[in-house]
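To start, the structure under review is shown below, and the notes come after it.
The values are calculated or read from the model by the stated rules, or taken from the named source; none is laboratory data. Here the structure is a predicted model, which means the values were calculated and not measured. Using ideal geometry, Cβ is built from the backbone for each residue, glycine included, and neighbour counts are taken over all protein chains shown.
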Amino acid sequence: MDVVTEFIKELIIYDFILFGSLLLFFILFIVLGVFLRNRIILAILIIFFAFITLFAGSFFGYIAMHKHLFKNETVLLSEQRLNFTDAVVVYAKLKNISNRDFKNCKVTATAYKASGNKLRNYLYRLKPIVRMSIIENDICIGDERDIKLIIEPFTYKNDYNISLGADCR
């Protein structure tokens with residue numbers, strides 16, 4: 001229940017506009033389906049399309065809109081495996097390239113196995129070895145931050161890759 005209330009607290013005006021317009025389209029398609037009830041196949045297709053629009057539009061629209069509104073750039077500068085402890089230090093840059101100030105950004109570094117095969121590399125990304133995150137607060141428009149992440153415990157001895165990403169609000 002806390003996840004739902006936290007999600008609702010984090011919504012911005014654009015989210016309400018998106019969800020409201022999708023609800024309006026849903027109602028319009030349902031009404032259209034009811035008016036076309038004499039053509040059963042067409043009515044069922046329109047009502048099915050209404051539900052698909054409501055659920056898929058909410059999910060994918062929210063993701064696409066937030067990628068556009070909170071656009072950022074993360075660059076992996078270097079990584080260094082420590083000899084005296086089971087850890088990897090990752091140095092990176094985070095830049096706000098959107099038109100909005102960020103309250104916070106969750107920067108996540110993910111370590112995964114590496115191989116010469118592209119398909120295997122893709123599959124390894126789905127099940128990482130370890131993932132660590134930090135929160136960076138108050139990033140203004142155009143600001144650039146140097147990030148230092150320590151991935152621990154990191155006991156994997158073979159070849160690995162590091163990917164970096166940020167989710168900003």
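Structure summary
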item	result
Complete set of residues in the stretch 137-162 that are assigned to a strand (DSSP E or B), charged (D, E, K, R) and at negative phi	Glu144, Arg145, Asp146, Lys148
Pairs where the first residue, in the stretch 15-37, is closer than 15 Å to Phe60 by Cα and the second is of a type in the set (Ser, Thr, Tyr) and surrounded by 15 or more Cβ atoms within 10 Å (Cβ to Cβ), C-beta under 8 Å, 6+ apart	Asp15/Tyr62; Leu18/Ser58; Leu18/Tyr62; Phe19/Ser58; Leu22/Thr53; Leu22/Ser58
Pick from the stretch 35-92, criterion part of a loop (DSSP other than H, G, I, E, B) and among the polar types (S, T, N, Q), ranking: nearest to the chain's Cα centre (by Cα)	Thr85
Qualifying residue in the stretch 110-121 (condition: touching a residue at least 40 places away in the same chain (Cβ under 8 Å), surrounded by 13 or more Cβ atoms within 10 Å (Cβ to Cβ), closer than 23 Å to Met65 by Cα and hydrophobic (A, V, I, L, M, F, W, C))	no
Some residue of the stretch 142-149 being touching a Leu at 6+ places or on another chain (Cβ under 9 Å) and of a type in the set (Gly, Ala, Ser)	no
Members of the stretch 102-136 that are of a type in the set (S, T, N, Q) and part of a strand (DSSP E or B)	Asn104, Thr108, Thr110, Ser133
Matching residues in the stretch 100-153 - criterion: being farther than 15 Å from Leu76 by Cβ and basic (Lys, Arg)	Arg100, Lys103, Lys106, Lys113, Lys118, Arg120, Lys127
Residue check for Arg145: at pLDDT 90 or above and charged (D, E, K, R)	yes
Output for the stretch 65-74, where each listed residue is under 14 Å from Glu136 (Cβ atoms) and either loosely packed, with under 12 Cβ neighbours inside 10 Å or not hydroxyl-bearing (Ser, Thr, Tyr) (or both)	Phe70, Asn72, Glu73
